[in-house]
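First the structure, in the form of structure tokens, and then the observations on it.
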Amino acid sequence: MDTRAAAAAVDHRPLSERAALNKEALKQSFLDNLFHTQGKFPALASKSDYYLALAYAVRERLLQRWISTAAEYMQKGARTVSYLSAEFLMGPHLGNNLINLGIYDEAKQAMTELGLNFDELLAQEEEPGLGNGGLGRLAACFIDSMATLEIPSLGYGIRYEFGIFHQSIVDGWQVEKTDKWLRYGNPWELQRPEWAVQVKLGGYTEHRSEEDGTLTVRWIPSRLVSGVPYDTPILGYRNNTANTLRLWSAQAPESFDFEVFNRGDYYGAVMQKMSSENLSKVLYPNDEHEGGKELRLEQQYFFVSCSLQDMIRIMQGQRLPLEHFHEKFAVQLNDTHPAIAVAELMRLLVDEHKMPWNRAWQVTCKTFAYTNHTLMPEALERWPLPLFKKVLPRHLEIIFEINARFLDEVRRRYPGDSARVARLSLIDESGPRYVRMAHLACVGSHAINGVAELHTELLKSDVLRDFYELWPNKFSNKTNGVTPRRWMVLANPRLTRLVSDSIGEDWIKHLDQLQKLEPLAESADFRSHWREIKRANKRALAEVIARRCNVAVDPDSMFDVQVKRIHEYKRQHLAALHIIALYLQLKAQPNLELAPRTFIFGGKAAPGYRMAKLMIKLITGIGDVVNRDPMVRDRLKVVFLPNFSVTNGQRIYPAADLSEQISTAGKEASGTGNMKFQMNGALTIGTMDGANIEIREVVGADNFFLFGLTTPQVYALQAQGYRPHDWYEQDPQLREVIDMIRDGYFSRGDASLFRPLVDSLLWHDPYFLFADFRSYVECQQRVGETWVDTERWTRMSILNSARSGKFSSDRSIRDYTKDIWHAPSVPVELLTEHHVRAGLMQ
Ligand code: NBG
């Protein structure tokens with residue numbers, strides 16, 4: 001389906017005058033909602049009331065698309081992609097919806113004419129932070145692209161009452177506060193209690209032979225939880241499509257309460273209600289790490305079971321037999337968090353719908369596909385067997401059965417190779433027994449993918465090697481992408497205007513067209529415009545920094561930025577070592593010619609990850625010393641911007657000159673921040689890791705600052721016995737830097753504070769900072785030299801953006817549809833009032 005043809009079919013006839021897409025109508029519904037929904041008048045209304053009134057006005061406008069989309073899909077019985085993800089890091093909806101509806105400027109004008117500050121209203125929205133980092137944000141970009149490409153899809157996840165914690169920095173340390181994003185209500189969701197489903201937990205199973213000889217299993221749970229769906233419309237960019245994000249909220253089922261209640265245990269009944277609702281209370285604030293927590297397993301099972309039952313309900317509504325489940329739905333497992341879906345679909349088909357095992361297994365395998373997002377061994381989910389059995393007794397039996405059949409196949413293929421059987425088994429029996437979720441996902445899926453070329457290769461050669469040998473055809477690569485609607489059009493309106501004025505607007509849906517900017521890199525005039533825009537974005541960020549960090553930074557200095565979750569493998573501390581090295585240089589040679597730099601960090605540390613929190617303290621400690629030292633004469637500034645989020649990212653990426661992507665080679669699966677920076681014209685300093693490799697490939701080696709060991713070199717160094725202390729001994733500059741930290745220079749003389757960090761580096765350095773230090777410092781030297789040549793830097797910046805087309809999530813989604821989902825586009829025709837009235841009369 002040619003999306004340009006579809007774009008031409010965008011319809012502007014409103015469902016009723018109330019939802020017309022123009023300024024005056026928007027003003028009218030804004031006022032209507034202020035009075036009739038918020039129940040406020042101007043003297044009483046808060047900014048939040050105004051925001052909500054505008055949000056409801058916009059919602060009225062997208063409901064027509066939502067209803068029309070549902071009607072179209074129902075009528076066509078469209079094949080649907082179900083994207084199962086424990087996280088959706090959506091970011092604020094209002095601005096994005098206005099852009100996708102094509103009424104951003106109208107809304108701004110309408111508010112201005114009413115005497116309101118539009119940007120202030122936008123800023124009122126509490127972003128739904130229902131994700132940790134890259135994995136959750138990827139899911140959000142993907143559903144945006146599916147809607148834009150008109151692919152019928154449902155995002156399924158959890159409606160956490162508390163999303164990722166709010167981070168503030170107190171005395172240089174991270175402090176967490178709960179994220180009460182629902183405090184003032186959420187205008188973007190509709191509760192659908194009529195589609196609630198019941199989920200069982202705990203208890204035991206009963207096996208019975210029926211009279212006809214078949215074996216049936218009954219699961220008698222110890223608890224029931226009700227899952228209530230909350231739907232959020234996901235608009236495509238300037239088309240008629242509004243897909244659905246369906247998030248499940250856990251509630252106590254009344255009937256169950258009554259049983260306890262009737263026994264006279266009122267208190268117990270209330271407690272039970274509370275404990276049921278705990279299931280969707282809070283997002284676990286860890287990425288890349290799993291804690292073996294019972295509640296987390298329950299959360300995973302809860303949303304998976306709700307979602308699969310919902311898909312079955314949809315099929316039954318369309319009178320489709322369950323044998324055709326895999327034809328109706330392509331279900332993508334976003335990492336292993338939803339992998340229990342393999343066993344749950346088997347249970348639903350076999351136990352509840354009486355489908356024979358073999359048939360059910362075929363349907364299951366054709367339904368699921370699995371995306372892996374990590375190479376960190378400690379992040380591969382596994383559940384202790386006793387815990388698993390306690391929460392999901394029936395699923396454990398099903399997994400044993402799947403495993404027995406699977407291992408039979410393995411034994412036939414590799415007779416006598418019991419080591420291989422043990423490696424492949426769904427149950428880890430090397431010590432205490434565990435259920436391996438990645439293995440369950442691999443066995444139950446027809447497609448397995450990594451998220452960047454290197455990552456997929458490493459899955460095949462290392463993490464999932466045995467599966468690759470068994471089923472090479474299941475594996476493919478799907479390099480990540482990000483949506484240009486949010487990350488360029490919404491985040492960087494100035495650049496958007498310049499680009500659209502230069503090459504037209506098509507690039508927003510066809511990011512490859514940014515290529516047309518390449519010749520403009522040679523125009524001095526264009527370069528000067530380009531710089532002006534970057535400077536304006538930097539000025540805006542400088543104001544934020546002044547407000548939040550109380551540090552004045554110079555918009556003409558180079559903005560050298562590292563924003564992402566704080567992790568040792570991402571090596572924020574390597575950047576810190578480089579800053580200290582620069583600082584020492586300035587101290588030694590006060591008149592050194594050094595291009596002024598502002599180092600900007602942002603990112604959250606998992607609350608229980610001590611080393612990551614210490615890394616934040618180190619960065620803020622360096623800032624305290626450097627920012628105040630008169631000898632530095634403002635040539636270096638170091639700031640840690642608190643509470644990195646989608647909202648803050650939208651301000652940061654457009655203002656960056658240099659993007660730090662400095663993970664140890666072989667550790668970052670892909671990265672997506674790297675793509676957001678590139679689109680917005682930042683140059684990358686990076687290792688040969690994740691998608692950096694592909695970024696470098698498209699921008700060309702001349703336009704990328706490469707440093708560090710490659711993955712094979714890291715492996716070789718590890719194999720030969722890496723002794724970081726030797727590297728420390730041999731590099732006087734590194735020694736000076738480390739000694740300074742150790743001696744308390746950045747901790748007001750406290751020599752014990754950074755001891756754990758320094759000792760870990762000196763004696764273990766699991767992420768090879770010392771081995772990469774020299775190469776990084778030298779590369780940064782080249783960055784500094786290039787920066788001074790302003791015209792050259794600008795040319796490189798333009799080329800980076802012009803060559804970012806590959807990293808649109810539209811491209812990723814096209815790859816998934818072509819190779820895995822095979823879900824054709826279904827353009828939507830808008831229903832008008834006439835259709836609705838006709839429907840009522842039938
Ligand atoms: C993250 C990887 C990133 C990758 C995103 C999205 C997890 C478990 N993985 O490199 O670390 O870009 O997933 O694929 O959060």
So how far apart, in nm, are the two label points at Trp195 and Arg319 if each is 7 Å from Cα heading toward Cβ? 2.1 nm
Over region 484-807, what is the mean sequence separation of C-alpha contacts under 8 Å (at least six apart), divided by residue count, expressed as relative contact order in percent? 23 percent
Using alpha-carbon positions, what is the distance between the centroids of region 651-689 and region 364-379, in Å? 24 Å
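Nearest 0.05, what FRET efficiency do Val788 and Ala701 give at R0 = 25 Å with Cβ-Cβ as r?
Working: r = 21 Å, r/R0 = 0.82.
FRET efficiency, Val788 to Ala701: 0.75.
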What is the fewest-to-most order of Lys570, Lys281, Lys617, Lys676 by other Cβ atoms lying within 10 Å of their Cβ? Lys281, Lys617, Lys570, Lys676
Test item: Cα-centred dipole of region 560-619, Lys/Arg +1 and Asp/Glu -1 on Cβ, debye: 380 debye
What does the C-alpha gyration tensor say about the overall shape of region 103-185? Classify as rounded when a/c is under 1.5, otherwise prolate if a/b is larger than b/c, or oblate. oblate
Amide H contacts of Leu89 (H built 1.01 Å from N, under 5 Å, at least 5 apart or other chain): Arg137, Ala139, Ala140
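Need one word for region 455-573: rounded, prolate or oblate. Basis is the Cα gyration tensor (sqrt eigenvalues a ≥ b ≥ c); a/c below 1.5 gives rounded, then a/b vs b/c decides.
Values: a/c = 2.96, a/b = 1.48, b/c = 1.99.
Cα axes put region 455-573 in the oblate bin.
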In range of the label at Lys180: residues from region 264-292 whose backbone nitrogen is under 18 Å from the point 7 Å along Cα→Cβ: 281-283
Taking the Cα centre of each part, how many Å lie between region 593-643 and region 145-217? 36 Å
With the dipole of the chain worked out from charges on the C-beta (+1 for Lys and Arg, -1 for Asp and Glu) around the Cα centre, which of Asn100, Ser528, Gly317 lies farthest toward the positive end? Gly317
Short version: ³J(HN,Hα) in whole Hz for each residue of region 614-630, in order, from phi by Karplus 6.51 cos²θ - 1.76 cosθ + 1.60 (θ = phi - 60°), x for Gly and Pro, what are they? 5, 5, 4, 4, 5, 4, 5, x, 5, x, 4, 6, 5, 5, 9, 6, x
Vicinal HN-Hα couplings computed from phi for region 368-377 (Karplus, 6.51 cos²θ - 1.76 cosθ + 1.60; Hz; Gly/Pro x): 8, 9, 10, 9, 8, 10, 7, 10, 6, x
Would you mind computing, in nm to one decimal, how far apart the modelled labels at Gln589 and Asp726 are, each placed 7 Å from Cα along Cα→Cβ? 3.1 nm
Of Lys478/Lys617; Lys390/Lys604; Lys328/Lys676; Lys390/Lys570; Lys108/Lys676; Lys366/Lys389, which pairs sit farther than 30 Å apart, going by alpha carbon to alpha carbon? Lys478/Lys617; Lys390/Lys604; Lys328/Lys676; Lys390/Lys570
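Just to verify a number: FRET efficiency for Thr214 and Leu717, C-beta to C-beta distance, R0 = 60 Å, to 0.05?
Numbers: r = 59 Å, r/R0 = 0.98.
It comes out at approximately 0.55.
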About its Cα centre, how strong a charge dipole does the chain have in debye, to the nearest 20, once Lys and Arg get +1 and Asp and Glu get -1 at the Cβ? 420 debye
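Take the cross-link list Lys293/Lys460; Lys177/Lys667; Lys613/Lys637 and give me the ones stretching past 26 Å between alpha-carbons.
Working: Lys293/Lys460 29 Å; Lys177/Lys667 30 Å; Lys613/Lys637 21 Å.
The answer is Lys293/Lys460; Lys177/Lys667.
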Return the Rg/Rh value of region 484-807, two decimal places, where both radii are evaluated on C-alpha atoms and Rh is the Kirkwood radius. 0.96
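With a cap of 15 neighbouring Cβ atoms within 10 Å, and only residues DSSP puts in a loop, list the GluC sites (Glu not before Pro) found in region 479-559.
Working: sites: Glu505, Glu522, Glu532, Glu543; in loops: Glu505.
Those satisfying the criteria are Glu505.
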Farthest positive-ward along region 484-807 dipole, Cα basis, beta-carbon charges - from Trp787, Phe601, Ser645: Ser645
Sorted by chain and number, the residues with a modelled amide H under 5 Å from that of Ile158, at a separation of 5 or more or across chains, are Trp248
Report the residues of region 553-583 in range of a label on Arg633: point 7 Å along Cα→C-beta, backbone N strictly under 13 Å from it. none
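How high is the relative contact order of region 707-842, given as a whole-number percent (alpha carbon pairs under 8 Å, six or more residues apart)? Present the calculation step by step, with values, prior to reporting the outcome.
Details: 60 pairs, mean separation 28.6, N = 136.
Once normalised by length, the contact order is 21 percent.
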Among DSSP bridges having both ends in the chain, what percentage is antiparallel? Round to the nearest 5. 45 percent
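If you take the C-alpha gyration tensor of the chain, multiply each eigenvalue by 5 and take the square root, what semi-axes do you get, largest first, in whole Å?
Working: eigenvalues 368, 256, 135 Å².
Three semi-axes, in Å: 43, 36, 26.
For a footprinting-style exposure proxy, rank Leu762, Leu636, Leu101 by other Cβ within 10 Å, fewest first. Before the final figure, lay out the partial values.
On the way: Leu762 17, Leu636 23, Leu101 20.
So the residues, fewest neighbours to most, are Leu762, Leu101, Leu636.
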Computed magnitude of the charge dipole of region 484-807 (debye, nearest 20; Cβ of K, R +1, Cβ of D, E -1): 1180 debye
Counting other beta carbons within 10 Å of each Cβ, put Arg735, Arg565, Arg223 in order, fewest first. Arg735, Arg223, Arg565
Divide the volume of the convex hull of the Cα atoms of region 301-425 by its number of residues and quote the answer in cubic angstrom per residue. 123 Å³
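Percent relative contact order of the chain, based on C-alpha pairs within less than 8 angstrom and at least six residues apart? Show your work: numbers first, answer last.
On the way: 1556 pairs, mean separation 120.7, N = 842.
Here the relative contact order equals 14 percent.
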Listed residue (Ile220, Ala86, Leu348) projecting farthest to the positive dipole end of the chain, Cβ model: Ile220
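Return the calculated 222 nm mean residue ellipticity for the chain, to the nearest 500 deg cm²/dmol, obtained by summing -39500 (n - 2.57) across DSSP H runs with n ≥ 4 and dividing by the residue count. Can you show the working numbers first?
Working: 34 runs with 389 residues, N = 842.
Only helices count here, giving -14000 deg cm²/dmol.
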Quick check: net charge around Ala605, other residues with Cβ under 13 Å of its Cβ, Lys/Arg +1 and Asp/Glu -1? +3
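Read-outs throughout are calculated quantities, based only on the coordinates presented, and are distinct from any laboratory measurement. It should be emphasised that the depicted structure is a prediction, and the values quoted were computed from it without experimental measurement. Reconstructed Cβ throughout: ideal geometry from the backbone, glycine too, with neighbour counts over all protein chains shown.
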